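One structure below.
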C-alpha cells in the first residue's frame, strides 16, 4: 500500500514539475527587440476580440501575404484592399497600396487601429498591454519602459526587417550560377527587360521602383478605388497604386490591390492587353496604351522568369 502511495505521489510530483517547466518556458521573456516584435506579430492580443493577429492576414507560408482577394477582419468583414507581402520591405519609402505610411514603425500600427482589421483604439491597446504582466516585463526588459504604441510599432518593425530574402534561383544566377535558372527563364528575363517594358517599373534589387502607377484598374464604376489620390488629393494620382516588389511573387496570389487576378498567368495576360480586361479605364499609363503582343512562348518564358524570383524555401517561423 505504501509502495502504491509512493508511486502515486511520484506521478503527481512529475506532473507538477512538467507543468512548472512548461510555464517557465511559456513565460520566458524575449531577449531582443526582434524577438519581442515576433511575439507581438503572432499574438491576437493586439485585436479587439483577441482572435486576430498580424499573421492572420500576413501568413508566413505565403511570403507573409494572404491567399484571399481581401483578408477577413476581426468581425468577419473583408478588408478594403488585398494584403501585400510583409517581406522585403526594409528599404521601402512608402507602405500600403496608397503609400500613406512612411516607415514600418508607422505601418505596423495602422491595421491594429483599423476598425475592420483589428479594431483597437490606441488607449485600449496601451491599457491591455500594460495590464498583461508578461508584456509589461518584456517591454521594460527591452526598452526600459512600459508598453506604448511608439515602442509597439518599433518592435514589430524590427521583426519585419528580418523578413528579407535574397537567395532565389535568379539571385544565384546573378551571382554566377549559370544553371540556377532554366533557358526559358533566361528568355523570360529578356522579355521582362525589353519587349514587356516591365523593368521600367520593376527595378532595384526588390524589383520595384517605389513609384505609383495607374495600370488601368480604375474606371470610376465597378473599379472605383482611387488609390494614391485618397492620400494626396492630387487629380494626377487618381487610380495610381504603389508598384509592388516581385520577390516571392509565385506564392503571393491573388494579385493587384483588389486581388483581381488569381494567377501569374492572368497577370501576364492582363499586361499583354489591358484594354481587353477593363473598358473605359481612366488615366491608364501610356506604356500600356497598346497591346504588347507577347507570343505564347514569350508568355511561358516570362512566367518562368517570374517564378525564378521566389525563394525556394520560405521560413515559416
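The values are calculated or read from the model by the stated rules, or taken from the named source; none is laboratory data. This structure is a prediction, so every number in the text was calculated from the model and none was measured. When we count neighbours, we look across all protein chains shown, and the Cβ atoms used for this are built from the backbone with ideal geometry, even at glycine.
Some notes on this structure:
- Boolean, residue 81 is assigned to a loop (DSSP other than H, G, I, E, B), surrounded by 15 or more Cβ atoms within 10 Å (Cβ to Cβ) and in contact (Cβ under 8 Å) with a residue 40 or more places away in the chain: yes
Quick grid of which residues meet (1) assigned to a helix (DSSP H, G or I); (2) modelled with pLDDT of 70 or more; (3) under 20 Å from residue 158 (Cα atoms):
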position	(1), (2), (3)
11	yes, no, no
19	yes, no, no
31	no, yes, yes
37	yes, yes, yes
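- Any hit, the stretch 39-60, residues being outside the structural domain of residue 244 (by TED's automatic domain parsing), out of contact with any helix residue (DSSP H, G or I) (no Cβ under 7 Å at 6 or more places or on another chain) and on the phi > 0 side of the Ramachandran plot: no
- Any hit, the stretch 222-229, residues being more than 23 Å from residue 92 (Cα to Cα), at pLDDT below 95 and in the same structural domain as residue 283 (by TED's automatic domain parsing): yes
- Looking only at the stretch 41-59, residues that are over 26 Å from residue 126 (Cβ atoms) and over 9 Å from the mean Cα position of the chain (by Cα) come to 0 in all.
- Qualifying residue in the stretch 95-117 (condition: outside the structural domain of residue 239 (by TED's automatic domain parsing), touching a residue at least 60 places away in the same chain (Cβ under 8 Å) and in a helix (DSSP H, G or I)): yes
- Residues in the stretch 186-210 that are under 28 Å from residue 96 (Cα atoms), part of a helix (DSSP H, G or I) and in contact with a helix residue (DSSP H, G or I) (Cβ under 6 Å, 6 or more places away or on another chain): 189, 192, 193, 198, 199.
- Single match in 266, 300 (criterion: in a helix (DSSP H, G or I), outside the structural domain of residue 66 (by TED's automatic domain parsing) and in contact with a strand residue (DSSP E or B) (Cβ under 8 Å, 6 or more places away or on another chain)): 266
- Qualifying position, being touching a residue at least 40 places away in the same chain (Cβ under 8 Å) and out of contact with any helix residue (DSSP H, G or I) (no Cβ under 8 Å at 6 or more places or on another chain), among 171, 167, 177: 167
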